[in-house]
1. What list of ³J(HN,Hα) couplings, whole Hz, do you get for the stretch 105-114 from phi and the Karplus terms 6.51, -1.76, 1.60, once you set θ to phi - 60° and write x for glycine and proline?
2. To the nearest 500 deg cm²/dmol, what mean residue ellipticity at 222 nm is calculated for the chain from DSSP H runs of n ≥ 4 alone, each contributing -39,500 (n - 2.57), summed and divided by the residues?
3. Could you pull the accessible area for ILE116 with a 1.4 Å probe, rounded to 10 Å²?
4. Calculated from the structure, Rg/Rh (Cα atoms, Kirkwood Rh) equals which of (1) 1.86; (2) 0.96; (3) 0.94?
5. Per 0.36 nm of contour for each residue apart, how much would the distance between THR101 and THR64 grow if the chain were fully extended, relative to their Cα-Cα spacing?
6. Share of antiparallel DSSP beta bridges in the chain, in percent to the nearest 5?
7. Which longest uninterrupted range of the chain lacks any trypsin sites (Lys or Arg not before Pro) assigned by DSSP to a loop state (not H, G, I, E or B) and surrounded by at most 16 other Cβ atoms within 10 Å?
8. ASP108 to ASP186: extension gain in nm, 0.36 nm per residue of separation minus the Cα-Cα distance?
Amino acid sequence: MKARAIAASTLLLVCGWTSSCVIDEVREDDVGEAPACRATALWAHDWGSREDDLLDAINDVRATGAMCGERTRDPVPDLELAPALRCAARRHAVDQSEGGTLSHDGNDGSSTLSRIDLAQYGGVPSHELLAGDFLDPDAVVEAWLASPTECEALLSSTAAEFGPGFARSEDGGVTTWVLLIGELRD
């Protein structure tokens, strides 16, 4: 099943640091109930569509298996979208793209676990994958598959949920992808 979000499209007037404003189409996604997540529910339509495509590409790889370095990984079940992980991933993607950095540590001093806690995720976080300067979700997945550590995370048999985040800097020069992966609590 494709990971398409049920989204309500609307138009948003976006005004940057310049004197001009543009009308940008946005969508509303489920990002959980945490107060810290409210700002990540309305997301640029283009950004949300890229996130959906990333989820589909990851589940396609999980359905077929892959080589992770020297190790063959068998197919594993699809991951389900976790709204709270999406919230935490989006918050970090914006932080990193606006700061021009790519790190598991936030420019605001946050850690992966503190961001996930703030989003009130109920599962067990297992991985945070980062990528920068990619527009194409398939290229992001290919880059992660080329790294044995990230490949193993994508094909983990204990992983059950994930949340993507994609953001671009205000000037469009920096793109950031964040993928959070989690396991269900027993």
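1. Once θ is set to phi - 60°, the couplings for the stretch 105-114 become 8, x, 5, 8, x, 6, 10, 3, 5, 5 Hz.
2. Numbers: 5 runs with 61 residues, N = 186.
Roughly -10000 deg cm²/dmol at 222 nm, from the helical runs in the chain.
3. So the heavy atoms of ILE116 present about 10 Å² to solvent.
4. (2)
5. Values: separation 37, 0.36 × 37 = 13.32 nm, distance 3.29 nm.
Difference between extended and current length: 10.0 nm.
6. Working: 30 of 32 bridges.
Antiparallel bridges make up about 95 percent of those DSSP assigns within the chain.
7. Numbers: sites that count: LYS2, ARG4, ARG185.
Longest stretch, sites excluded: 5-184.
8. Between ASP108 and ASP186, full extension yields 24.8 nm more.
The values are calculated or read from the model by the stated rules, or taken from the named source; none is laboratory data. As the structure is a prediction and not an experimental result, all values here were calculated from the model. As a convention, Cβ positions derive from the backbone with ideal geometry for all residues, glycine included, and neighbour counts pool all protein chains shown. All accessible areas refer to the heavy atoms of the entire protein, side chains included, with ligands and DNA or RNA removed. Shrake-Rupley method; radii C 1.70, N 1.55, O 1.52, S 1.80 Å.
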